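Some notes on the structure that comes next.
The values are calculated or read from the model by the stated rules, or taken from the named source; none is laboratory data. Given the structure is predicted, the values throughout are model-derived calculations rather than measurements. Counting neighbours? That spans all protein chains shown, and the Cβs are built from the backbone with ideal geometry, glycine included.
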Amino acid sequence: MNPLLPPQTARRVLVPGGYGLIGAGVVRALEAAGHAVTVAGRDAASAARVLPGRRFLHCDLARMTSPGDWACLASFDVVVNCAGALQDGPRDDLEAVHVTAIAALVQAAAAHGVRVVQISAAGVHPDASTAFLRSKAQGDAALLASGADVVILRPGLVLAQQAYGGSALLRLLAAVPLIQPLALPDTPIRTVGLSDLAGAVCMAAGDRLPRGTVCDLVSDEPHDLRGIVAAHRAALGFAPARAELVLPRPVLPLVAAGADVLGRLGWRSPLRSTALRVLEDGITGDPAPWRAQGGRVTPLAQTLAEAGFGAEHRLQARALLLMPLAVAVLVLFWALSGLIGLLHLPAAAAHLTGAGWPEPLARLSVQGWALVDLALAAALLWRPWARAACLGMCAVSLVYLAAATLVTPWLWADPLGPLVKVLPGLMLAQVTHSLLEPR
């Protein structure tokens, strides 16, 4: 059964979350199968970057909490929900997105005769160890209890040519040279290729799966994390690791706590507590029901071989590795620059008084620019402002170089190179600005 064969009737399909890793693959597969697809979400700019030229409908699931909010379903035959969140945070509310919005969605879908295809997750259970899986289970239960035309697909770890979240972490780890850092290396993980998941969605959208279908989309054989990372190293063309560095289990809560703090600052790290707890429990599922429906999940090795990784994906993996390091270095550089200026105010002001500036004005200038440095370091820590902070660092660096060239040109010849050393910092800010471009 080929899920990409043209359906007997082309469907009008709404895809909330259609520009995420899973959503984008689903949208492209549905289009290839002949369906008319509308992408829905809360960020039109991101949708336009990922899927240019597609129809877009603004849809913030956290606010779609009553059936009336889903009146748009009157214009569609199928809704494929690819939206979701890993953990509560400044932009995410698990209860609203996974439970309340889904209950409202299925009521509206039933009223309009619309089929709901829910992308859930392998391992959902009311008593799961994470709020992510528990809330997903509640949403799935609401769908099934409604009696509406519902299909629920529960993928394992989704692998694709693109990368985000857990798959991005795998590539980051694969890009580490020589030594392979790992946590929970023996945890069992079942994978699924994005093409297999998208094919299953096409089957559901084309009415080739019966209503009430609930299937795990997982590989027949589990792999441990160590093997999956090694397989990524090989598929991406990186040399095998010469040694392994396993993070002790007692350290993991500290890593998760740090990642959670960064999450509150807008950095959606794949090392947050929910992700690590899911990894600790393992990503498993039962492949038998999906096989009984005539479906299949491609084995890990074949999935990675068919992904078509090339030089651009190796570059992406290295960028994923370097981005947090670049941000950390910039924050440290600008914070220290500001603090040193304030702590050594007389010495810093002496450069200006030596050029003829009045001492009060020289001190005021040093203090002002030191505070600017500290403000830029703080702004870089807040993810929504991070790219703007990089541009601010570039602008301040250029102003600093221009002003110093006019007022204290002899500093270019200073043996310690205070002006020359600004140039690599300027370049690092430009590179980090590019690395932080939204997906």
Looking at segment 345-364, can you tell me whether even one residue there is of a type in the set (D, E, K, R), in contact with a Ser or Thr (Cβ under 6 Å, 6 or more places away or on another chain) and surrounded by 15 or more Cβ atoms within 10 Å (Cβ to Cβ)? no
Among the residues of segment 20-54, which ones are of a type in the set (D, E, K, R), more than 22 Å from SER120 (Cα to Cα) and surrounded by 14 or more Cβ atoms within 10 Å (Cβ to Cβ)? ARG54
Only listed residue being touching a residue at least 40 places away in the same chain (Cβ under 8 Å), in the same structural domain as TYR19 (by TED's automatic domain parsing) and farther than 20 Å from VAL13 by Cα, chosen from VAL99, VAL106: VAL99
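From the set of residues in segment 389-439 that are of a type in the set (S, T, N, Q) and under 23 Å from ALA319 (Cα atoms), which is surrounded by the most Cβ atoms within 10 Å (Cβ to Cβ)? Lay out the reasoning, then the answer.
Going residue by residue through segment 389-439, those that are of a type in the set (S, T, N, Q) are 397, 405, 408, 430, 432, 434.
Subset that is under 23 Å from ALA319 (Cα atoms): 430, 432, 434.
Values: GLN430: 15, THR432: 23, SER434: 12.
Selected residue: THR432.
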Residues of segment 78-100 being out of contact with any Gly (no Cβ under 8 Å at 6 or more places or on another chain) and not in a strand (DSSP E or B), in sequence order, are ALA85, ASP88, ASP92, ASP93, LEU94, GLU95, ALA96, THR100
When you scan segment 248-267, do you find a residue that is in contact (Cβ under 8 Å) with a residue 40 or more places away in the chain and under 24 Å from THR303 (Cβ atoms), even just one? no
Would you tally the residues in segment 310-346 being in the same structural domain as ALA429 (by TED's automatic domain parsing) and not in a helix (DSSP H, G or I)? 1
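Give me the residue from segment 20-75 that is β-branched (Val, Ile, Thr) and part of a helix (DSSP H, G or I) and, out of that set, nearest to the chain's Cα centre (by Cα).
Looking only at segment 20-75, we keep the residues that are β-branched (Val, Ile, Thr), and these are 22, 26-27, 37-39, 50, 65.
Still in the running and part of a helix (DSSP H, G or I): 22, 26-27, 50.
Details: ILE22: 11, VAL26: 17, VAL27: 18, VAL50: 13 Å.
The extreme case among them is ILE22.
Would you call LEU423 closer than 28 Å to GLY354 by Cβ, in contact (Cβ under 8 Å) with a residue 60 or more places away in the chain, part of a helix (DSSP H, G or I) and in the same structural domain as PHE333 (by TED's automatic domain parsing)?
Values: closer than 28 Å to GLY354 by Cβ: yes; in contact (Cβ under 8 Å) with a residue 60 or more places away in the chain: no; part of a helix (DSSP H, G or I): yes; in the same structural domain as PHE333 (by TED's automatic domain parsing): yes.
So LEU423 does not fit the description; no.
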In the set THR274, THR298, THR303, THR284, the lone residue that is of a type outside the set (Lys, Arg), within 22 Å of LEU182 (Cβ to Cβ) and touching a Gly at 6+ places or on another chain (Cβ under 6 Å) is THR303
Taking into account only those residues within segment 149-187 that are polar (S, T, N, Q) and touching an Asp or Glu at 6+ places or on another chain (Cβ under 8 Å), which is farthest from THR303 (Cα to Cα)? GLN180
Being in a helix (DSSP H, G or I) and over 18 Å from GLY84 (Cα atoms): is that true of VAL201 here? no
Quick check, is LEU178 surrounded by fewer than 18 Cβ atoms within 10 Å (Cβ to Cβ) and under 30 Å from GLY308 (Cα atoms)? yes
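Against the condition in a helix (DSSP H, G or I) and within 30 Å of TYR19 (Cβ to Cβ), how does LEU380 come out, does it pass? It would help to see each step written out before you state the result.
Working: in a helix (DSSP H, G or I): yes; within 30 Å of TYR19 (Cβ to Cβ): yes.
The answer is yes for LEU380.
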Residues in segment 374-385 that are surrounded by 21 or more Cβ atoms within 10 Å (Cβ to Cβ) and farther than 12 Å from ALA328 by Cα: how many? 1
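Of the residues VAL431, VAL366, only one is within 30 Å of LEU51 (Cα to Cα), assigned to a helix (DSSP H, G or I) and not assigned by TED's automatic domain parsing to the domain that holds ALA259; which? Walk me through it before giving the result.
Values: VAL366 fails: within 30 Å of LEU51 (Cα to Cα).
After ruling out the rest, the residue left standing is VAL431.
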Any residue in segment 216-225 that is surrounded by fewer than 18 Cβ atoms within 10 Å (Cβ to Cβ), of a type outside the set (S, T, N, Q) and under 23 Å from ALA317 (Cβ atoms)? yes
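Can you confirm whether ALA301 is under 28 Å from GLY123 (Cβ atoms) and not assigned by TED's automatic domain parsing to the domain that holds LEU197? Spell out how you get there, then give the answer.
Numbers: under 28 Å from GLY123 (Cβ atoms): yes; not assigned by TED's automatic domain parsing to the domain that holds LEU197: no.
No, not satisfied.
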Any idea which of (1) surrounded by fewer than 23 Cβ atoms within 10 Å (Cβ to Cβ); (2) under 26 Å from the mean Cα position of the chain (by Cα) is the one ALA145 doesn't satisfy? (2)
